[in-house]
Amino acid sequence: MVVFPWLISFSFFLLHVAHGEQSYSVPEEMKRGSVIGNIAKDLGLQTGALSTRRARIETEESDKRYCDINVRNGALIVVERIDREGLCGKKASCILKQELVLEDPLELHRISLHIQDINDNSPVFKDAKINLEIRESADSGARFVIEEAHDADVGQNSVQQYSLEKNENFILAANGNTVELVLDKELDREKQKEINLLLTALDGGSPQRSGTVVIHVTVLDANDNAPVFSQASYSVPEEMKRGSVIGNIAKDLGLETGALSTRRARIDTEESDKRYCDINGSPPLSSSKAIQLSVADINDNPPVFEEQSYSAYVSENNKPGSSLCTVSARDPDWRQNGTVIYSLLPGEVNGASVSSYLSVNGDTGVIHAVRSFDYEQFRSFKVQVMARDNGSPPLSSNVTVSVFISDVNDNSPQILYPAVEGSSFMTELVPKAAHGGSLVSKVIAVDADSGQNAWLSYHIVKATDPGLFSIDLHSGEIRTQRDISESDSMKQNLIVAVKDNGQPSLSATCAMFLLISDNLAEVPELKDISYDEKNSKLTSYLIIALVSVSTFFLTFIIIILGVRFCRRRKPRLLFDGAVAIPGAYLPPNYADVDGTGTLRSTYNYDAYLTTGSRTSDFKFVSSYNDNTLPADQTLKKSPIDFTDVFGVCDDSPEV
């Protein structure tokens, strides 16, 4: 097989995706399961890689698969009946285009199946009877064109010869596709008015097939007989009225009446003579000849697309090499002037060449995806496809193809708060005086998908006291279900699951740590904060830790006094514990999805940091929500320090 240099360049232009073409000759009507050839061996492919690389055969021109590949041995087999006449009609060459698609990496190998004709159709005339009207005056050698028979097969299997039943008047002349009935002996209507001839068409197949038609010839009369008077003389009375019949003469059949009549109202015997007699005349004679003219075509029509624009829809994470849509253009010109070739116009999609996203089959107009698309990267793009003919000079036209990528639920929810920050996590303080319905905290999550795939719902899957706290299904707000009582445990652990609304649903979980206390002094475990066991033995670190704790304690006392002072000024407020949400938790690309699962603009927080040791920071925040306390505490500690306080949540569910 010869590979032209321009084909090699074009292959490298398509990122080494398309490879050479493999051709096979296949007779039509092969049985299902018949082996066409070993495509793996012919292309130099390892049979063991066919299965791992998900080898498959795709048909470019229709959804019907006529052949497939046996991934165990690389054989190309017939899986569907191949009818050459149904696929190509009377085309001299019938080629079925297939593609062998290999993934990881993507390879496309074109396969051309040259469908060979078999003699499975008989010649057929358009009508069961052919009617001809021929005048008896026609000269010997006159020709009459007969409509030829048609055979759905091509080549040697089509109509090859004609034969005419033996008769006295006609012979047959056949030249190429023209069949003529030749008058060998002149006709005589007075002897024979009608003639029936049997014409047979035969093809060149083996076994030979034939078809017949009856040619019915009606002989028309001609003015080939002179009038003959029935008597030598006629006696006409002088007073005979005008138009009176004197007598009859012999006549040609059916052309004249042969009546002899008077022209004048009165005949004067002194002036009369054969001048006052009328003989009805014969009709005029005529003949005709058919002239066939061949008009040479020029390339004066550009290809015209069947649609003004095309739209292709594909789900993200599609397989490379999958078909997206088919563009089709028609050119009314003849032969090479009407041959249409398709190509992608150069362009860019997201800064990359359009050929790195799509490819188009130059013969069929089938557009394939070169890569897998990601909805989160881009949702749609447009390309230009050109259709040009093969004339000189070539004419062309363009059409826009819009590719729309639909979202697939391939991203799990991302929990922004509470989130593990290095080696520490957040803990919320809940006052003992909190009433039922008070806002304690809020779980904040987003989803990179869109639509219903990004609709988030929040659920408490595990809690120290299941009846104490509840979470809003859509907003993620955690509130008390009842008033805090003295019997409630100081340490409360919540495991929250965030689910999206995709099919199937994806989820993520987080742990929320709550301390029911009015001040940090009530938490005895906080007094034992230290570094690891080795460093805690060092005297210098003990001194630093003691100083840090002392400084922190003094600062805390000052803050407690300030809080109590504020409570005196505002004796009763519904508690909605403020949540410290640093701005860095919110990625700039996330947007609200109808208020389900993302941040609401009504929640705004300020954060105030105090000095303290590296392992123990206290964050005091204020909320702009009117239902929250003016100030509250958020404790940030190392996860090791809270092992004794909250226990280890090693049985948190995975949803």
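Identify the residue in the range 462-514 that is assigned to a loop (DSSP other than H, G, I, E, B) and in contact with a helix residue (DSSP H, G or I) (Cβ under 8 Å, 6 or more places away or on another chain) and, among all such residues, is farthest from Asn411 (Cα to Cα). Going through the qualifying residues, I end up with Met490. Can Glu316 be described as among the acidic types (Asp, Glu) and closer than 21 Å to Arg56 by Cα? When the stated conditions are applied, Glu316 passes them.
Somewhere in the range 82-90, is a residue under 26 Å from Glu148 (Cα atoms) and buried (at least 20 other Cβ atoms within 10 Å of the Cβ)? Yes.
Looking for whichever is touching a Gly at 6+ places or on another chain (Cβ under 6 Å) and either closer than 30 Å to Val304 by Cα or surrounded by 21 or more Cβ atoms within 10 Å (Cβ to Cβ) (or both) here; the options are Val401, Val354. Which one fits? Reasoning before the result, please.
On the way: Val401 fails: touching a Gly at 6+ places or on another chain (Cβ under 6 Å).
Answer to the selection: Val354.
For the range 76-85, the condition holds for no residue, the condition being that it is in contact with a His (Cβ under 8 Å, 6 or more places away or on another chain), not in a strand (DSSP E or B), not assigned by TED's automatic domain parsing to the domain that holds Arg371 and not β-branched (Val, Ile, Thr). Residues in the range 354-376 include none that are in contact with a Pro (Cβ under 8 Å, 6 or more places away or on another chain), more than 25 Å from Arg56 (Cβ to Cβ) and not β-branched (Val, Ile, Thr). Within the range 407-419, the presence of a residue that is under 16 Å from the mean Cα position of the chain (by Cα), part of a strand (DSSP E or B) and of a type in the set (A, V, I, L, M, F, W, C) is excluded. Applying the set (1) outside any helix (DSSP H, G or I); (2) assigned by TED's automatic domain parsing to the domain that holds Pro393; (3) in contact with a helix residue (DSSP H, G or I) (Cβ under 9 Å, 6 or more places away or on another chain) to Asp297 leaves exactly one unmet item: (2).
Pick from the range 189-209 the residues that are polar (S, T, N, Q) and not in a loop (DSSP other than H, G, I, E, B): which of them is farthest from Asn131 (Cα to Cα)?
Start the filter on the range 189-209 by keeping residues that are polar (S, T, N, Q), which leaves 192, 196, 200, 206, 208.
Within this subset, residues satisfying the condition of being not in a loop (DSSP other than H, G, I, E, B) are 196, 200.
Values: Asn196: 9, Thr200: 16 Å.
So, considering only residues that are polar (S, T, N, Q) and not in a loop (DSSP other than H, G, I, E, B), the one farthest from Asn131 (Cα to Cα) is Thr200.
The values are calculated or read from the model by the stated rules, or taken from the named source; none is laboratory data. Nothing here was measured: the structure is a model prediction, and the numbers come from that model. So basically every Cβ, Gly included, is an ideal-geometry build from the backbone, and we count neighbours across all protein chains shown.
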